[in-house]
Amino acid sequence: MKWVDAKKLPGTLNTACVIPVFVMALCYITSIKVGLFTLIVPIIMQVIGAYVSPKYVVKLPAKVIKILVTIGLFVAAILILMGKLNIMPMGGDKTYLSFPKLIIMAILSFIYGAFNNMGIGSYPLTMATIYALGLSPSVSFPIMMGACTFSVPIGSMQFIKLESYSRKITLFSATFGVLGVICAVFFVKSLDTNLLQWVILYSAFSMLFSLKNHKYQ
């Protein structure tokens with residue numbers, strides 16, 4: 001709806017998510033068995049990636065930012081579709097990673113942390129990686145939530161320093177995001193997510209078409 005300039009889109013997406021993601025983590029993370037290093041290493045690496053990348057993201061042209069966000073949306077949509085068609089590996093039964101898989105997870109987590117700052121969510125990418133490495137699907141939740149809970153605020157602080165975010169949209173989204181999380185926890189017992197998943201595809205195509213109809217510096 002053109003409420004945020006494309007240059008400030010990654011920063012706004014990150015700052016708006018800080019408080020809702022924190023509340024979500026508190027509400028949903030339970031005692032899921034996962035190896036200590038398997039949990040800590042991805043979190044640390046995503047935090048490092050989130051800390052390093054904002055100063056480079058804000059220097060990108062608006063068109064490049066929109067292209068990156070569009071690619072991220074399509075990647076998320078493709079991963080969701082692969083899961084529905086049973087093409088993507090559905091994971092194993094392990095609750096920990098050993099060398100060299102832990103190193104692979106560390107490197108990819110750093111990249112995903114950087115992607116978060118470009119407006120490309122790390123959830124589907126992290127989930128696909130966890131499945132591919134043979135971990136139990138249940139392990140994906142504490143890793144994804146833990147990584148985002150710590151990495152998103154770190155990246156957001158950099159965007160705030162650089163003044164590359166929309167304060168109004170951040171306040172609006174954060175407030176209603178928290179209300180949405182609380183509503184989901186206490187009132188929503190079941191939800192058909194198919195419609196929400198189609199929204200990802202719609203967002204990707206609308207962003208793609210806007211690239212042709214907008215002038216960028």
Item to check | Boolean, Tyr96 is touching a Gly at 6+ places or on another chain (Cβ under 8 Å) and open to solvent by less than 50 Å² (accessible area, probe 1.4 Å) | outcome: no
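Conditions (1) in contact with a His (Cβ under 6 Å, 6 or more places away or on another chain); (2) among the basic types (Lys, Arg); (3) at pLDDT below 65, marked per residue:
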position: Gly155; (1), (2), (3): no, no, no
position: Lys161; (1), (2), (3): no, yes, no
position: Arg167; (1), (2), (3): no, yes, no
position: Cys183; (1), (2), (3): no, no, no
position: Leu195; (1), (2), (3): no, no, yes
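Report, by residue number, each residue of the range 160-173 that is part of a loop (DSSP other than H, G, I, E, B) and within 18 Å of the chain's Cα centre (by Cα).
At the first step, the residues of the range 160-173 found to be part of a loop (DSSP other than H, G, I, E, B) are 162-166.
Answer for the range 160-173, where residues must be part of a loop (DSSP other than H, G, I, E, B) and within 18 Å of the chain's Cα centre (by Cα): just Tyr165.
Does the range 112-129 contain at least one residue that is among the polar types (S, T, N, Q), closer than 17 Å to Ile40 by Cβ and modelled with pLDDT of 80 or more?
So the first thing to find is which residues in the range 112-129 are among the polar types (S, T, N, Q), and the list is 116-117, 122, 126, 129.
Restricting the remaining residues to those that are closer than 17 Å to Ile40 by Cβ gives 122, 126, 129.
Now restrict to residues that are modelled with pLDDT of 80 or more: 126, 129.
Yes, because at least one residue in the range 112-129 is among the polar types (S, T, N, Q), closer than 17 Å to Ile40 by Cβ and modelled with pLDDT of 80 or more.
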Next on the checklist: Given the criterion in a helix (DSSP H, G or I), modelled with pLDDT under 75, hydrophobic (A, V, I, L, M, F, W, C) and more than 24 Å from Val52 (Cβ to Cβ), identify the matching residue among Val199, Val188, Val139.
Outcome noted: Val199
Item to check | Phe176 being farther than 30 Å from Gly35 by Cα, open to solvent by 90 Å² or more (accessible area, probe 1.4 Å), within 19 Å of the chain's Cα centre (by Cα) and at pLDDT 70 or above | outcome: yes
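Considering only the range 26-41, state which residues are surrounded by 13 or more Cβ atoms within 10 Å (Cβ to Cβ), in a helix (DSSP H, G or I) and modelled with pLDDT of 75 or more. Please lay out each step first, then the result.
So in the range 26-41, the residues surrounded by 13 or more Cβ atoms within 10 Å (Cβ to Cβ) come out as 27-29, 32, 34-35, 37-41.
Cutting the leftovers down to in a helix (DSSP H, G or I) gives us 27-28, 37-41.
Phe37, Thr38, Leu39, Ile40, Val41 - these are the residues of the range 26-41 that are surrounded by 13 or more Cβ atoms within 10 Å (Cβ to Cβ), in a helix (DSSP H, G or I) and modelled with pLDDT of 75 or more.
The values are calculated or read from the model by the stated rules, or taken from the named source; none is laboratory data. Given the structure is predicted, the values throughout are model-derived calculations rather than measurements. Note that each Cβ is placed from the backbone with ideal geometry, even for glycine, and that neighbours are counted across all protein chains shown. Side chains included, ligands, DNA and RNA excluded: accessible areas come from the protein's heavy atoms. Shrake-Rupley method; radii C 1.70, N 1.55, O 1.52, S 1.80 Å.
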